[in-house]
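The values are calculated or read from the model by the stated rules, or taken from the named source; none is laboratory data. From a predicted model like this one, the values you see are computed outputs, not experimental measurements. Every residue, glycine among them, receives a Cβ derived from its backbone with ideal geometry; neighbour counts consider all protein chains shown.
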């Protein structure tokens, strides 16, 4: 199937606009909303800002500096995490979504703060275009792993011992290592094969988190309560986690 010439997952992608619009419809007046990061969230923030200008009362907590700038530009008031209690929901994107709604995130580099904001929320809503759906996590790219800089050498050794092929992520332009907003490094860990099921993903997650110096991974397993999938024809569908 041939789609129009736009960037998949970008601001002009109709599938992202469809998913973001459906997510905005579910925001109740007075809600405290966690705002993840990435292109899909950028579109959501724009649409949420438009709803606020129409009279919707809403406040937000952002997971990245980029989302903070977008929220300020959209006129969404920001609060501190924990101010007023738990967030009503967090809206975020994902790099890959498995059939059981396990997620792979972190290719934008904000996964640690995204997880913290989601953990402070009553629910996590994920918005994606249809191209983010995969048969198995790791099908389209490596697993990001955030590591404390002092632990770079032993962490690299232990990641390789798990059969992964870790590569330090570089800044755009490739001149030096990218440093996250937490002051850490990211290793993009290529798999020898995609993770065949949820059990395999959870075994790998436990092994990664057991490595000294690993702060977090891009494996978000069982965190999503609702995934809204947008399609290129402009409609969006809900996929709900059964818990």
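Taking the stretch 135-157 as the search range and keeping residues that are assigned to a helix (DSSP H, G or I) and in contact (Cβ under 8 Å) with a residue 24 or more places away in the chain, which one is surrounded by the most Cβ atoms within 10 Å (Cβ to Cβ)?
It comes out as 155.
In this structure, is residue 78 more than 16 Å from the chain's Cα centre (by Cα), buried (at least 24 other Cβ atoms within 10 Å of the Cβ) and at pLDDT 95 or above?
No, not satisfied.
Residues being part of a strand (DSSP E or B) and crowded, with 16+ Cβ neighbours inside 10 Å: count how many of those fall in the stretch 209-238.
Residues in the stretch 209-238 being part of a strand (DSSP E or B) and crowded, with 16+ Cβ neighbours inside 10 Å: 12 in total.
Looking at residue 192 and the list (1) surrounded by fewer than 14 Cβ atoms within 10 Å (Cβ to Cβ); (2) under 25 Å from residue 63 (Cβ atoms); (3) at pLDDT 95 or above, which single condition is not satisfied?
Result: residue 192 passes all but (2).
Pairs only if they're at least six apart or on different chains, beta carbon under 8 angstrom, first in the stretch 195-213 and on the phi > 0 side of the Ramachandran plot, second modelled with pLDDT of 95 or more and not in a helix (DSSP H, G or I); list them, first residue then second.
Correct list of pairs: 213/147; 213/148.
For the stretch 172-179, state whether one or more residues are in contact with a helix residue (DSSP H, G or I) (Cβ under 9 Å, 6 or more places away or on another chain) and surrounded by fewer than 20 Cβ atoms within 10 Å (Cβ to Cβ).
yes
May I ask you to say which residue of 132, 160 is touching a strand residue (DSSP E or B) at 6+ places or on another chain (Cβ under 7 Å) and touching a residue at least 60 places away in the same chain (Cβ under 8 Å)?
132
Within the stretch 14-23, how many residues turn out to be farther than 14 Å from residue 238 by Cβ and out of contact with any strand residue (DSSP E or B) (no Cβ under 6 Å at 6 or more places or on another chain)?
Of the residues in the stretch 14-23, 2 are farther than 14 Å from residue 238 by Cβ and out of contact with any strand residue (DSSP E or B) (no Cβ under 6 Å at 6 or more places or on another chain).
Is it the case that residue 112 is in the same structural domain as residue 186 (by TED's automatic domain parsing) and either in contact with a strand residue (DSSP E or B) (Cβ under 9 Å, 6 or more places away or on another chain) or at pLDDT below 95 (or both)?
No.
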